[in-house]
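Data first, discussion second: the structure below is written as structure tokens.
The values are calculated or read from the model by the stated rules, or taken from the named source; none is laboratory data. Remember, predicted model here, so these are calculated numbers, not experimental data. Methodologically, a virtual Cβ is constructed for each residue, glycine included, from the backbone with ideal geometry; neighbour enumeration extends over all protein chains shown. Side chains are part of the model used for accessible areas, which takes the heavy atoms of the whole protein and leaves out ligands, DNA and RNA. Shrake-Rupley method; radii C 1.70, N 1.55, O 1.52, S 1.80 Å.
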Amino acid sequence: MVAPIADRVLARIDRGLAQGSIEATLPDGARRVLGGHAPGPCAVVDVVHWRALRRLAAGGSAGWYEAWAVGEWTSPDPVVLFELFMLNRRTLGRAARARGLSKLARRAWHWMRRNHRAGAKRNVAAHYDLGNDFYETWLDPSRTYSSGLFAEPISAAQSLESAQQAKLAAILERTAAKPGETILEIGCGWGSFAATAAAAGIAVHGITLSEEQKAFVDDRRLPGVTVSLTDYRDVRGQYDAVASIEMVEAVGEEFWSAYLRVVAGVLKPGGRAAIQLISIDDAIFDAYAASVDFIQRYIFPGGMLISESRFRAIAERAGLVWHDRHGFGLHYAETLLRWRSAFDAAVVEKRLPARFDADFVAMWRYYLMYCEGGFRGGGIDVAQVTLVKEG
């Protein structure tokens, strides 16, 4: 029953791989090379059950994860496969997007998880309130959960902690804040940016919806730093600058305008907002936005990567002038590789909290590999940009 579907899926992938190839072993023992039309990464995949291809056809990347989770396909290095799919994102078209009834069901679930006020609180808790004891086992000592900024060329000799400090310093520099001034940080994490600003004599009001993060930052007792459990839509007052590091991906396209109106509203005339954001290639944004991928379904409910062209246009309508974009996607791939190495070590050494079972551990490792491949394939980027309030 699944053979015709499998044949169509394999043919679609074969046609769509403009660069690189897949060396596939099929359930009947046959070996097949897909793609190979031009040089590129070569992924090795063992399709253990035909059902895996049916799941891919119906459920896209979420369905492909579900097949992996039950052992219907394996690979010695899934990162290469994810890189390959992202590298060929335009020619593959909708080959890894959900369709039919599966798509409708996944879209309905995603719509129910959108980031209105109650939904945002619930979605943040689902990810960030997994526990401070969980994140401390694999993040760098500063507990910075966003891309580091490495010296180039990227070298294994540079520590992740130093790359994170370089990123935080770059964000602080973009704000142009001076000692005695106050920065609003939208999405303060575990306080690494607030600590950087406080060390420079700059006050920070951090907002978060994560009770775990707030408790941790409060316990740090950073001078001049206050943290509140506040939705960005409820922020009032005026600030000298704004910082927001990889928070906009948790907003959702429906609320980009609200987010940027808040940024513009709290800044003094001429004030600067330093934003670090994760974007997806505009050429595939519509297909991405119309589907529900693995990350949205299993890792960041309510999440949405940024279309830079759309986000920039909304920012400019809000009176924010876009300056000095700096992209560094491969730095995120390296960051994710470092996180996975630390995560694997924590698993081997049994340092993860006992409440997380083997299925969760496997899913989290898959998440780190999936994201690394996306950045290596170039369809996802991370960038810093400065938004300056007109006036």
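At a glance:
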| read-out | value |
| --- | --- |
| Acute angle (nearest 10 degrees) that the helix 256-266 long axis makes with the longest principal axis of the chain, alpha-carbon atoms | 20 |
| Tail beyond 20 Å, pair distance distribution of the stretch 1-118 (Cα, percent) | 41 |
| Of 247, 304, 112, the one that fluctuates the most in a GNM where the chain has Cα springs shorter than 10 Å | 112 |
| The stretch 96-189 - percent of accessible surface contributed by carbon and sulfur, probe 1.4 Å | 60 |
| Hull shadow area, averaged, the stretch 5-56 [alpha-carbon convex hull, nm²] | 3.2 |
| Accessible surface, the stretch 305-349, averaged per residue in Å² (probe 1.4 Å) | 43 |
| Probe 1.4 Å, protein heavy atoms only - accessible area per residue of the stretch 214-292 in square angstrom | 38 |
| Only Lys, Arg (+1) and Asp, Glu (-1) charged, at Cβ; the stretch 234-315 dipole about Cα centre in debye | 400 |
| Radius 15 Å from Cβ of residue 180, net charge of other residues (Lys, Arg +1; Asp, Glu -1) | 0 |
| Per residue accessible area in Å² of the stretch 1-114, where ligands, DNA and RNA are left out and the probe is 1.4 Å | 50 |
| The chain - charge dipole about Cα centre, Lys and Arg +1 at Cβ, Asp and Glu -1, debye rounded to 20 | 1140 |
| Spherically averaged projected area in nm², based on the convex hull that wraps the Cα atoms of the stretch 267-391 | 9.5 |
| Value of relative contact order over the chain, rounded to a whole percent, pairs C-alpha under 8 Å and six or more apart | 18 |
| Two-decimal log10 I(q)/I(0) for the stretch 34-90, as the Debye equation yields it once each C-alpha is a single scatterer, q = 0.22, 0.28 Å⁻¹ | -0.90, -1.23 |
| Cα-centre dipole for the stretch 127-242 with unit charges at Cβ (Lys and Arg positive, Asp and Glu negative), debye to 20 | 340 |
| 10 °C / 1.306 mPa s Stokes-Einstein diffusion coefficient of the stretch 65-205, Kirkwood radius on C-alpha pairs, µm²/s | 83 |
| Considering only the chain, percent of DSSP beta bridges that pair antiparallel, nearest 5 | 50 |
| DSSP-loop trypsin sites (Lys or Arg not before Pro) across the stretch 186-290, with at most 11 other Cβ within 10 angstrom | 221, 236 |
| Dipole of the stretch 239-391 [Lys/Arg +1, Asp/Glu -1 at C-beta], most positive-end residue of 248, 280, 373 | 248 |
| Against the rule of thumb 2.2 N^0.38 Å, how large the Cα Rg of the stretch 346-391 comes out | 1.88 |
| Rounded tilt (10° steps) of 308-317 against the dominant C-alpha axis of the chain | 30 |
| Protein accessible area in the stretch 220-330, 1.4 Å probe - carbon and sulfur % | 51 |
| D (Stokes-Einstein, µm²/s), Kirkwood Cα radius, the stretch 304-359, 0.890 mPa s at 25 °C | 163 |
| Surface share of carbon and sulfur [accessible, 1.4 angstrom probe, percent] for the stretch 1-90 | 55 |
| Whole-number percent relative contact order across the stretch 1-124, with pairs defined as alpha carbons under 8 Å at least 6 apart | 24 |
| Alpha-carbon spread of the stretch 180-303, three principal axes, descending order, Å | 46, 34, 23 |
| Equivalent ellipsoid dimensions for the chain as semi-axes, Å, which come from the Cα gyration tensor, largest first | 38, 22, 20 |
| Size-normalised alpha-carbon gyration radius of the stretch 256-295, reference 2.2 N^0.38 Å | 1.63 |
| Alpha carbon convex hull of the stretch 253-332, volume per residue in cubic angstrom | 114 |
| Estimated Rh, the stretch 126-167: Kirkwood, alpha-carbon pairs, angstrom | 11.3 |
| Given charges at Cβ of Lys, Arg, Asp, Glu: the chain dipole, positive-most of 175, 4, 294 | 4 |
